[in-house]
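The values are calculated or read from the model by the stated rules, or taken from the named source; none is laboratory data. Computed from a prediction, not measured in an experiment: that's the story for all the values here. Cβ placement follows ideal geometry from the backbone for every residue including glycine, while neighbour counts extend to all protein chains displayed. Note: areas computed on protein heavy atoms with side chains; ligands, DNA, RNA excluded. Shrake-Rupley method; radii C 1.70, N 1.55, O 1.52, S 1.80 Å.
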Amino acid sequence: MGASGSGKTSMRSMIFSNNPASLTSRLGATIDVEQNHVRFLGDLILNLWDCGGQDAFMDSYLTTQRPTIFSHVGVMIYVFDVETREMNKDLEYYRDCLEGLTQFSKEANVFLLVHKMDLVREGERAIVFQRKVAELEKASGETAVKVYGTSIFDESLYKAWSSIVNTLIPNARNLSKHLRIFAEACSATEVVLFERTTFLVIATSSPADSSESFSSDPVAVHALDPKRYERTSELIKSFKQSCSRLREEFNSLELELAEFTAVLDEMTKNTYVLVVVHNPVIETAAIKMNIQMARRKFEELQGDSLVS
Amino acid sequence: MMSSSSQSYVNAAKHGQNISVQRTKILLLGTRRSGKTSIQQVLFHHLPAKQTFYLEPTMRVAKHEFDTVIPLEIWDCPGNITVDSLGASLADFATIIFVIDIRDLYQQPVSKLVEFIVAACQVNPDINFEVFVHKAEKLQEDDKIENFRQIHERVVDRLADESPEYEQVPLNFHLTSVYDHSLQEAFSRVLHKLIDSLPYLEDLLNVFCLNTSSPKAFLFDTASKLYLATDSSPVDQATHNLCCDYLQMLTSFGPLYKSNAEGDIRAHLFSPTPTPPPTATPSPPSFSTSPSSTLKACVQSPPHTPSNLPLDARNAKPLFYPSAATSLSPSHPGTTLSYHLVTPHLALLALLPTTIYDMRRGLVEWNVVWFREGVREIWEVEKERSNAEGV
Ligand SMILES: Nc1nc2c(ncn2[C@@H]2O[C@H](COP(=O)(O)OP(=O)(O)O)[C@@H](O)[C@H]2O)c(=O)[nH]1
Ligand SMILES: Nc1nc2c(ncn2[C@@H]2O[C@H](COP(=O)(O)OP(=O)(O)O)[C@@H](O)[C@H]2O)c(=O)[nH]1
Ligand SMILES: [Mg+2]
């Protein structure tokens with residue numbers, strides 16, 4: 001949810017269909033409620049309620065349709081334009097939505113996106129964002145919220161959305177555990193699992209938060225770039241777009257770079273796996289073979305978790 | 001490396017030291033805000049296109065050095081520069097690039113261009129004229145073509161007015177934009193006219209394509225994403241774009257999972273200084289013999305497996321050259337886009353049938369080795385030449 005023009009439609013088309021950033025200005029401002037059934041991981045369905053926020057409309061909508069909108073919500077995402085001149089009005093609507101949510105879907109996770117961060121000068125971004133976070137946390141009262149700064153022009157969008165969809169994947173921890181076993185079998189530093197169409201990160205072999213990590217954790221040893229997951233999503237997504245412009249479809253990638261060896265290949269019918277190895281002795285052919293052997297196990301794991 | 005400021009250049013020149021290299025000079029001209037500095041920064045300093053918005057106006061001539069197969073020096077000028085205020089003779093330049101904003105249909109840029117063409121022809125009949133009709137992405141397709149045509153026509157008309165003799169001056173027009181790869185494509189074509197060894201590089205690429213059934217192969221400069229040469233099949237813009245995007249992805253991928261561990265074992269593996277080719281193997285192509293004939297003879301020898309490539313067969317630790325491949329479908333039998341670094345800054349990018357890449361990897365690797373040796377030989381000769389000229 002969010003005011004008209006805050007960027008919801010652009011964001012959704014970036015994440016859920018192959019729509020390059022330069023095309024979004026051609027989408028008309030949303031004036032109706034858009035309900036999008038987005039297939040994710042094959043069996044999981046995300047409903048995106050894209051409320052227009054044309055003021056009169058939004059007013060009546062929020063009061064009369066309250067139960068319809070706020071029942072059975074798993075996640076609420078509220079988008080704020082960082083440059084909005086009507087922050088107070090935005091916050092008013094936001095509080096209203098939050099109230100509806102606590103009334104009809106108590107368990108829902110709340111994500112707040114401070115969007116179009118690219119419009120803020122680079123040097124001021126951190127300060128502006130901190131100020132917004134404080135403001136939004138205050139407006140949220142008791143409710144725990146996660147706030148992300150986003151822009152459709154960089155990887156921040158993927159970081160926010162990966163963490164959003166992660167709350168929807170019931171067995172992320174179990175997947176993580178098996179990825180860790182798989183990583184060890186490949187002598188890999190890290191293994192990352194992506195959803196096939198969005199290339200959002202579903203799970204990684206690394207412990208979820210740094211407090212769990214220990215000194216022998218390979219990722220900790222190599223001190224890898226903390227932004228690597230969302231940057232990878234962004235890079236692969238944009239390369240997939242380049243391929244589709246040639247009416248080709250991206251299939252797989254193998255790298256033997258100066259920095260590392262890696263294979264990115266299909267794992268299950270709706271996931272891709274990235275195996276990153278720093279040990280120079282390991283060859284891509286061996287990694288590919290390991291992926292092939294792990295496929296069935298991961299199909300099973302995924303089947304178990306999502307049929308519910 | 002390539003960002004030596006005009007200041008330090010002037011100092012070095014004064015002392016007459018370290019200027020042992022003869023650089024090929026390119027003059028970048030155009031009215032104020034036509035996009036000259038943006039072009040220079042996007043190509044050679046990795047400036048993201050969107051950030052060109054924040055560039056400061058150029059107040060005086062800035063000289064930028066860039067090293068690729070041939071060493072270049074690009075002069076970025078303020079909009080109000082004239083033949084007299086340039087501070088150098090037009091005879092010193094190999095190429096003039098004139099940048100015109102595609103929406104700028106006024107007389108001023110054309111007059112300025114004509115003024116430089118007339119002056120340059122007087123002192124330097126061999127100079128190349130390249131016109132970048134720039135910011136092309138701003139216009140819809142029809143307007144783009146129409147404005148391009150109008151600008152072209154005006155320049156030709158004004159030159160003819162000047163004197164009929166200028167009708168013969170060859171001018172090359174390009175549609176460019178920093179927001180897509182049209183800039184890289186145009187600048188690559190500018191560069192090709194300046195590389196003396198181009199026919200040899202093209203021969204190497206033709207042989208590579210022939211031997212590996214590759215429909216298209218490029219030799220790219222990895223830092224600038226300019227291609228220095230390609231095989232003789234025509235360049236299709238979509239394929240060129242894909243290769244640029246691929247290169248972009250690979251160079252961005254590297255640092256993401258780079259180990260920051262102390263004493264990472266990989267760090268010692270890649271030797272950025274090329275070692276001389278091994279003497280035990282047949283001599284790679286050189287300028288005295290036609291590269292293609294030598295190469296053909298080599299690849300006709302029985303196929304080798306990658307493990308006994310001539311490269312470092314005698315060394316315990318093989319020299320490591322980064323490479324990558326991505327397979328694409330659903331075209332049949334499927335295409336693999338391969339990447340092989342051949343010198344620290346040059347890479348071979350080739351489209352290969354996936355069947356060849358998967359089933360005959362040895363053949364591909366073998367041809368890469370010969371290609372690499374050929375390029376290195378040419379590189380050495382070019383280096384000697386520019387050093388010799390510079391002394
Ligand atoms: N600068 C910037 N503009 C954006 C961003 N996201 C969306 N926009 C622009 O904001 C405008 C409104 O976006 P839209 O998705 O239609 O908003 P909606 O009404 O919330 O669906 C469009 O012109 C988009 O191009 C962003 O991250 N940065
Ligand atoms: N739309 C568009 N703008 C460009 C392009 N290249 C440069 N610009 C913009 O043109 C303006 C002037 O650029 P600059 O490089 O300083 O021009 P110079 O005075 O010729 O050096 C800047 O705001 C750039 O962002 C392009 O290809 N497309
Ligand atoms: Mg300038």
Give, in whole angstrom and from largest to smallest, the semi-axes √(5λ) of the equivalent ellipsoid of the range A:135-182, with λ running over the eigenvalues of the Cα gyration tensor.
27, 17, 7
The range B:118-262: antiparallel DSSP beta bridges as a percent of all, rounded to 5
45
Global size of the range B:344-390 as Cα Rg and Dmax, reported in angstrom
15.0, 48
Per residue of the range B:61-72, in order, report the coupling 6.51 cos²θ - 1.76 cosθ + 1.60 (Karplus, θ = phi - 60°) as ³J(HN,Hα) in whole Hz, putting x for Gly and Pro.
4, 10, 9, 10, 9, 9, 9, 9, 3, 10, x, 10
Please give, to one decimal in nm, the separation of the simple spin-label points placed at A:S71 and B:A49, each 7 Å out from Cα toward the Cβ.
4.8
With only alpha-carbon atoms counted, please give the Rg and Dmax of the range B:18-68, in Å.
12.4, 37
Give the long-range amide H neighbours of B:F173: residues separated by 5 or more places, or on another chain, with amide H under 5 Å away, using H modelled in the peptide plane at 1.01 Å from N.
B:V131
In the A-B interface, the accessible area buried, summed over both sides, Å² (probe 1.4 Å)
3600
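Taking 0.36 nm per residue of separation and subtracting the Cα-Cα distance, what length does fully extending B:Q150 through B:Q248 add?
Extra length available between B:Q150 and B:Q248 comes to 31.9 nm.
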Radius of gyration and Dmax for the range B:41-188's Cα atoms, expressed in Å?
15.6, 43
Would you mind pulling out the separation of the Cα centroids of the range A:237-303 and the range A:136-188, in Å?
21
Residue by residue, what Karplus-based ³J(HN,Hα) values in Hz, rounded to whole numbers, does the range A:253-263 have, using 6.51, -1.76 and 1.60 with θ = phi - 60° and x for Gly and Pro?
9, 10, 10, 10, 8, 4, 7, 6, 10, 8, 10
Considering only DSSP beta bridges where both residues belong to the range A:55-206, give the percentage that are antiparallel (nearest 5).
20
Label point distance in nm, A:T143-A:E107, each placed 7 Å from Cα along Cα→Cβ
1.7
Report the calculated FRET efficiency for B:D236 and B:A91 (r = Cβ-Cβ distance, R0 = 45 Å), to the nearest 0.05.
0.75
Using only C-alpha atoms and all pairs of different ones, pull out the Kirkwood radius for the range B:131-219 in Å with one decimal.
15.8
Simple spin-label estimate for A:T64/B:E167, 7 Å along Cα→Cβ, in nm, reads 7.5
Residues with amide H under 5 Å of B:H134's amide H, sequence separation 5 or more or different chain, H placed in the peptide plane at 1.01 Å from N; which?
B:I100, B:D101, B:I102, B:T176
In order through the range B:237-251: 3J(HN,Hα) via Karplus (6.51 cos²θ - 1.76 cosθ + 1.60), integer Hz, x for Gly, Pro
4, 5, 5, 4, 4, 4, 5, 5, 5, 5, 4, 4, 4, 5, 6
1/(1 + (r/R0)^6) with r = Cβ-Cβ of A:E92 and B:Q22, R0 = 41 Å, i.e. FRET efficiency to nearest 0.05, evaluates to 0.05
Roughly how many Å is it from the Cα centre of the range B:61-116 to that of the range B:139-158, as a whole number?
21
Compute the Rg to Rh ratio over the range B:108-172 from the alpha carbon atoms, using the Kirkwood formula for Rh, and round to two decimal places.
1.01
Candidate lysines for bridging to A:K297, where Cα separation is under 23 Å - those fewer than 8 sequence places away on the same chain excluded:
A:K177, A:K269, A:K288
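Quick one: what do you get for the range A:92-175 if you divide its Cα Rg by 2.2 N^0.38 Å?
Working: Rg = 14.4 Å, N = 84, 2.2 N^0.38 = 11.8 Å.
It is 1.22.
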Can you list the residues, at least 5 places off or on another chain, whose amide H is less than 5 Å from the amide H of A:T150, using H built in the peptide plane?
A:V114, A:H115, A:K116, A:M117
Of the listed links A:K227/B:K135; A:K89/B:K50; B:K25/B:K193; A:K116/B:K50, those spanning more than 22 angstrom between alpha carbons are A:K227/B:K135; A:K89/B:K50
Under a cut-off of 17 Å between alpha-carbon atoms, report the aspartates and glutamates in cross-link reach of B:K63, not counting same-chain residues fewer than 8 places apart.
B:E73, B:D76, B:D92
